[in-house]
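Beneath this line is the structure, given in C-alpha cells, with notes to follow.
The values are calculated or read from the model by the stated rules, or taken from the named source; none is laboratory data. The model shown is predicted, which means the values in this text are computed figures rather than measured ones. With ideal geometry, Cβ positions are generated from the backbone for all residues, glycine too; neighbour counts draw on all protein chains shown.
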Amino acid sequence: MTNSTAGNAVQAYSRSSDGTLVSLASTPTGGTGVGHGLENQGALTLSGDRQFLYVVNPGSNDLSVFHVTDTTMTLADRAPSGGTLPVSVAEWNGIVYVLNRNASSGTGTGPTIQGFQVSTSGALSPIAGSTMTLHPTDTTATQIAISPDGLWIIVTNRDSNQIDVIPLQQNHAPGTPVTAKSAGSGPFGFAFTDATHLYISEFQAGTTSAYRLDSQGNLHTLSAAVPTQQKTTCWLAITPDRSLVYVSNTISDSLSSYHIATDGTLVQPVPVVAATSGGSLDLIVDATGNYLSVLATDGSIKTYRIDTTSGALASIQTISGLPSGTNGLIGR
C-alpha cells in the first residue's frame, strides 16, 4: 500500500514466469495513510481462498476490502477499525481481525483489536464483543495473526517485549489473553509453519526465536533469540515448504536466513544471505517458493531467485519509484 496522506492505494503487480514483477495498476482504498513508516508487519493480507485483500488505512482509522482476481481489484467495503492507527490485519475462514496501535488519539493509550465477519460479497460486519484493549499503555504493537487452526489470535508488542495469545471463541469473539514474555528483545514480525509452530523476529538485538504453541495457549521456546549478527531484525517470511526462514535487517540493510529443523528449531543461520540497499523492510516469498521480494525504505522492491537447496539468493530485479512510506507486501 502507498500509505499516502492524500489517499491510500494498493499498487498491484503480476509476477512473470522468470520471477520479475510487472506493474498492473494502483487502486485507491478509499482511506488515507500517514506517509511514513509504521513499524509493523501485515498491513495487507489475503483471505485463505485468495478472493479478498484486506488493507489497513492508518490515516483514516479504517479497513478496506477488495475483491481480487489475477488481473483486477474491486473495492468491496470499508469499515472503522475500532481504534486509531490500524497497522496490521489477519484473516481466517471469513473472520478478520485488525490491530490498532492505540485505543484512541490520547497519548499512551494501549493497543486494541476489532473483529469482523466477511460476507460472500466482501461486506464487513463487526463481531459483537470483539473490541478489546490489550494493554493500558502503548506497547508498539506490531503484528496480528490468527493461527492456522483458527483457535488463537497472536499479537506481538515490540516495546514491552510481550506476545499476546488470545483464544478465539466459537462466537468468534476473543477470550481472555495469555501474555508471554518474548524470548528475545523487541518481538516484531512473525509467521506460522503450522497450527503449533511460530517464528518471531526480534529487532532489538537482531535475533529470531522459535516457539511451540500448546492447547492452553502457552508458548514453549524451541530456539531462543538466535542471532543474525545484524541490526534491527524486523520482518520475517517462511518458504511454502516450511524449510527456510528469511528475515530483513533494516539498519544493516541485509537479509538473513535460517533452516528449520525437523523438531522446529532454527539451525544453520546465515547472517547475510543478501546485501540489500535502501533500507530493507517487509518481505514475501512467492507461492512457488522460488522467489523472494523485499520492500525498501527508498521506495524500491527488490526480487531475488531462491536456491531451494541452500537458501541462497540471487538478485534478478529492482523496481523503484514507489512513494515514501509505502508499506507492506502480500502475494497470491
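Would you point out the residue of the stretch 301-332, among those that are within 19 Å of the chain's Cα centre (by Cα) and aliphatic (A, V, I, L, M), that is nearest to Asp286 (Cα to Cα)? Here the residue is Ile330.
Condition check ((1) on the phi > 0 side of the Ramachandran plot; (2) crowded, with 21+ Cβ neighbours inside 10 Å; (3) in contact with a helix residue (DSSP H, G or I) (Cβ under 9 Å, 6 or more places away or on another chain); (4) not small (Gly, Ala, Ser)) across all residues:
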position	(1), (2), (3), (4)
Arg242	yes, no, no, yes
Tyr246	no, yes, no, yes
Asp253	yes, no, no, yes
Tyr258	no, yes, no, yes
Ala261	no, no, no, no
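Hey, does the stretch 31-48 have a residue that's at positive phi, touching a residue at least 40 places away in the same chain (Cβ under 8 Å) and surrounded by fewer than 22 Cβ atoms within 10 Å (Cβ to Cβ)? Yes - at least one qualifying residue is present in the stretch 31-48. I'd like the full set of residues that are of a type in the set (Gly, Ala, Ser) and over 15 Å from the mean Cα position of the chain (by Cα), limited to the stretch 182-203. Within the stretch 182-203, Ser182, Ala183, Gly184, Ser185, Gly186, Ala195 qualify. For the stretch 225-245, the condition holds for no residue, the condition being that it is without any contact (Cβ under 8 Å) to a residue 24 or more places away in the chain and farther than 20 Å from Phe192 by Cα. When restricted to residues that are part of a strand (DSSP E or B) and buried (at least 19 other Cβ atoms within 10 Å of the Cβ), the stretch 291-323 contains 12.
Within the stretch 267-275, at least one residue is touching a strand residue (DSSP E or B) at 6+ places or on another chain (Cβ under 8 Å), among the β-branched types (Val, Ile, Thr) and either modelled with pLDDT under 95 or surrounded by fewer than 16 Cβ atoms within 10 Å (Cβ to Cβ) (or both). Checked against the criterion of being in a loop (DSSP other than H, G, I, E, B), surrounded by 21 or more Cβ atoms within 10 Å (Cβ to Cβ) and either out of contact with any strand residue (DSSP E or B) (no Cβ under 7 Å at 6 or more places or on another chain) or on the phi > 0 side of the Ramachandran plot (or both), the stretch 194-205 contains not a single residue that satisfies it. Filtered by the rule that a residue be modelled with pLDDT of 95 or more and closer than 14 Å to Asp241 by Cα, the stretch 293-309 gives Ile306, Asp307.
A quick yes/no check of all residues on (1) farther than 13 Å from Ile144 by Cα; (2) in contact with a helix residue (DSSP H, G or I) (Cβ under 8 Å, 6 or more places away or on another chain); (3) surrounded by fewer than 17 Cβ atoms within 10 Å (Cβ to Cβ):
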{"residue": "Gln51", "(1), (2), (3)": "yes, no, yes"}
{"residue": "Asn57", "(1), (2), (3)": "yes, no, no"}
{"residue": "Thr69", "(1), (2), (3)": "yes, no, yes"}
{"residue": "Asp77", "(1), (2), (3)": "yes, no, no"}
{"residue": "Val89", "(1), (2), (3)": "no, no, no"}
{"residue": "Gly94", "(1), (2), (3)": "yes, no, yes"}
{"residue": "Asn102", "(1), (2), (3)": "yes, no, no"}
{"residue": "Ser105", "(1), (2), (3)": "yes, no, yes"}
{"residue": "Gly108", "(1), (2), (3)": "yes, no, yes"}
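Per the listing Met73, Met1, the residue uniquely out of contact with any Phe, Trp or Tyr (no Cβ under 9 Å at 6 or more places or on another chain) and of a type in the set (A, V, I, L, M, F, W, C) is Met1. On inspection, Thr309 qualifies as over 22 Å from Gly184 (Cβ atoms) and β-branched (Val, Ile, Thr). State yes or no: is Ser252 small (Gly, Ala, Ser), over 20 Å from the mean Cα position of the chain (by Cα) and modelled with pLDDT of 95 or more? Considered against the rule, which asks whether it is small (Gly, Ala, Ser), over 20 Å from the mean Cα position of the chain (by Cα) and modelled with pLDDT of 95 or more, Ser252 comes out as yes. Figure legend. Inter-residue proximity from the stretch 294-305: first residues in contact (Cβ under 8 Å) with a residue 12 or more places away in the chain, second residues in a strand (DSSP E or B) and of a type in the set (Asp, Glu), beta-carbon distance below 9 Å, spacing 6+ or different chains. Indicated pairs: Val294/Asp282; Leu295/Asp282. Only a single criterion out of (1) in a strand (DSSP E or B); (2) crowded, with 16+ Cβ neighbours inside 10 Å is not satisfied by Gln230, namely (1). Pairs are defined by a Cβ separation below 7 Å, a sequence spacing of at least 6 or placement on different chains, a first member in the stretch 177-197 that is small (Gly, Ala, Ser), and a second member that is at pLDDT below 95 and outside any strand (DSSP E or B); the pairs so defined are Gly184/Ala205; Ser185/Ala205.
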